[in-house]
Protein chains: 2
Amino acid sequence: MSDVKVESLLINYKTLEDFKQFQAYGHQELSMLEDLQNNIVENNSKSPFYGIYYGNRLVARMSLYERSKKFDHYFNPPQDYLVLFKLEVLPDYRKHGYGKMLVDYAKSFNLPIKTNPFINSHGFWEKMGFERASYNIERDLGENPFIWMPPGVKEAIRPIQLNDETYMSDGKQ
Amino acid sequence: MSDVKVESLLINYKTLEDFKQFQAYGHQELSMLEDLQNNIVENNSKSPFYGIYYGNRLVARMSLYERSKKFDHYFNPPQDYLVLFKLEVLPDYRKHGYGKMLVDYAKSFNLPIKTNPFINSHGFWEKMGFERASYNIERDLGENPFIWMPPGVKEAIRPIQLNDETYMSDGKQ
């Protein structure tokens with residue numbers, strides 16, 4: 001493991017081909033591919049992904065996105081925070097600490113972090129020092145938010161009050 | 001199939017026990033259970049879930065939540081719409097049309113619908129008449145939104161422009 005490190009991933013055909021190995025390949029990757037094909041993004045421009053190569057092979061990745069404090073419904077006081085998503089290590093490369101390396105990298109920005117784990121990965125996030133956020137249907141819908149907070153940051157107690165939002169009332173409209 | 005129908009599910013200990021059979025059991029269900037135990041919600045109060053019973057057994061479910069048009073970043077013109085999540089049929093009861101029954105029920109409200117499918121279920125949503133929404137990282141992050149629109153509704157072309165939101169810039173902050 002001494003020769004592996006977390007790298008910022010660039011958008012190019014090789015990276016996008018590497019991404020197909022990951023289960024969570026979806027709209028985001030398709031959109032990046034289309035933008036590259038249509039010259040909407042330049043080859044080797046920066047992507048929101050970070051990854052770990054083992055030799056030439058991309059074996060782990062995650063995406064990080066910074067949200068401004070005006071959209072913060074998780075933390076107290078409200079502040080800029082990171083959304084971490086698509087953290088995934090290829091099956092043959094698990095149990096080597098690559099997931100933890102990526103999470104530690106995300107924590108090194110010293111901003112609170114919110115993630116919505118894949119099913120059956122809640123134990124991993126607890127080991128990483130994340131905690132289950134209080135569920136709020138208006139904010140979370142089908143998500144299972146886990147959050148990590150640097151010292152001095154707390155969870156927002158009453159996460160949000162959105163008006164005019166209800167789940168379906170009885171009967172059809 | 002003639003004797004099964006879509007039912008609105010009530011919050012009680014039986015329903016919450018039934019929910020444990022479903023893979024997407026998470027914060028939402030835990031929160032409902034805690035609220036019931038703490039008498040924050042009444043027994044048999046309405047839940048945001050709809051389901052199908054086969055005899056006494058809950059074999060399929062989904063959650064529906066209505067978002068007001070002021071939070072609509074998907075449709076043109078902006079309007080009230082439904083978010084559909086946690087659609088799931090228990091493995092032994094698949095291929096009987098229960099998933100389609102639930103989706104048809106959601107469509108019967110005649111509001112546009114947005115969902116974020118589980119990995120590997122994109123084909124199902126296309127069969128249901130949903131289409132892949134244009135990806136927008138600010139709005140979608142790790143989601144793969146699929147949308148369904150009743151006649152007269154279109155996808156919002158330029159979904160959103162949120163200010164002050166970027167993915168991580170080069171280097172640490």
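Put simply, chains A and B cover up around 4900 Å² of each other's accessible surface, both sides summed, when a 1.4 Å probe is used.
Sorted shortest first, the separations between the B:Lys127 label point and its copies elsewhere in the assembly read 3.7 nm; each point sits 7 Å from Cα along the Cα-to-Cβ line.
3J(HN,Hα) couplings calculated from phi for the stretch A:94-109 with the Karplus curve 6.51 cos²θ - 1.76 cosθ + 1.60 (θ = phi - 60°) are, in sequence order, 7, 6, 10, x, 5, x, 5, 4, 5, 5, 4, 4, 4, 5, 5, 6 Hz; Gly and Pro show x. When both the stretch B:1-79 and the stretch A:46-87 are represented by their alpha-carbon centers, they are found 30 Å apart.
The equivalent ellipsoid that matches the C-alpha gyration tensor of the protein assembly as shown spans semi-axes of 34, 24, 21 angstrom, in descending order. Listed by chain and number, the lysines whose C-alpha is less than 26 Å from the C-alpha of A:Lys154, apart from same-chain residues fewer than 8 away, are A:Lys69, A:Lys70, A:Lys86, A:Lys100, A:Lys107, A:Lys114, A:Lys127, B:Lys172. In the protein assembly as shown, helical runs assigned H by DSSP with n ≥ 4 each contribute -39500 (n - 2.57); averaged across all residues and rounded to the nearest 500, the mean residue ellipticity at 222 nm is -5500 deg cm²/dmol. The portion of the accessible surface of chain B made up by carbon and sulfur, rounded to a whole percent, is 48 (1.4 Å probe; DNA, RNA and ligands excluded).
Each other copy places its own label point for B:Lys95 at 3.4 nm from this one, sorted shortest first, where the point lies 7 Å along the Cα-to-beta carbon line.
Convex hull volume per residue, computed on the Cα atoms of chain B, equals 165 Å³. Contact order for chain B, expressed relative to its length and based on alpha carbon pairs under 8 Å spaced 6+ residues apart, stands at 18 percent.
The values are calculated or read from the model by the stated rules, or taken from the named source; none is laboratory data. Treat the numbers as computed from the prediction; the structure is a model and nothing was measured. Cβ: placed from backbone, ideal geometry, glycine included. Neighbour counts: every protein chain shown. The accessibility values were calculated without ligands, DNA or RNA, using every heavy atom of the protein model including side chains. Shrake-Rupley method; radii C 1.70, N 1.55, O 1.52, S 1.80 Å.
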